[in-house]
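Structure, as structure tokens:
The values are calculated or read from the model by the stated rules, or taken from the named source; none is laboratory data. Owing to the predicted nature of the structure, the values given are computational and were not obtained by experimental measurement. Accessible surface is based on the protein model in full, side chains and every heavy atom, while ligands, DNA and RNA are left aside. Shrake-Rupley method; radii C 1.70, N 1.55, O 1.52, S 1.80 Å.
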Amino acid sequence: MVEHHWLTQAQFNNSMAIAQAAPGPNVLFVALMGWNVGLNAGSYAAALAGVAVTMLGILIPSTTLTYCAT
């Protein structure tokens, strides 16, 4: 991520700390990463889009596999 300048080291560390401190699965880190990348792109709309894209990207494959298996 450093090569593409999507997140600074501080943003990455803060996101990891929040995700580890929150109860539940660490999928929260994926949403925080999308949020920070969107904010670095320049707006809150991009941040919300970043959250949506990252969460859908992480949840659709496993949800589809689980649905097909059942």
Task: Using alpha-carbon coordinates, inclination of helix 44-69 to the longest axis of the chain, degrees - done: 20 degrees
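Please give the per residue accessible area of region 26-70, computed with a probe of 1.4 Å over protein heavy atoms only, in Å².
Value returned for region 26-70: 66 Å² of accessible area per residue.
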Open item on the list: At 0.36 nm per residue, and after removing the present C-alpha to C-alpha distance, how many nm does the segment from LEU59 to ALA46 gain when stretched out fully?
Closed with: 2.7 nm
- [ ] Return the carbon/sulfur percentage of the accessible area of the chain, one whole number, probe 1.4 Å, all protein chains in place.
- [x] 72 percent
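Quick check: convex hull of the Cα atoms in the chain, volume per residue, rounded to a whole Å³?
In the chain, the Cα hull volume divided by residue count equals 93 Å³.
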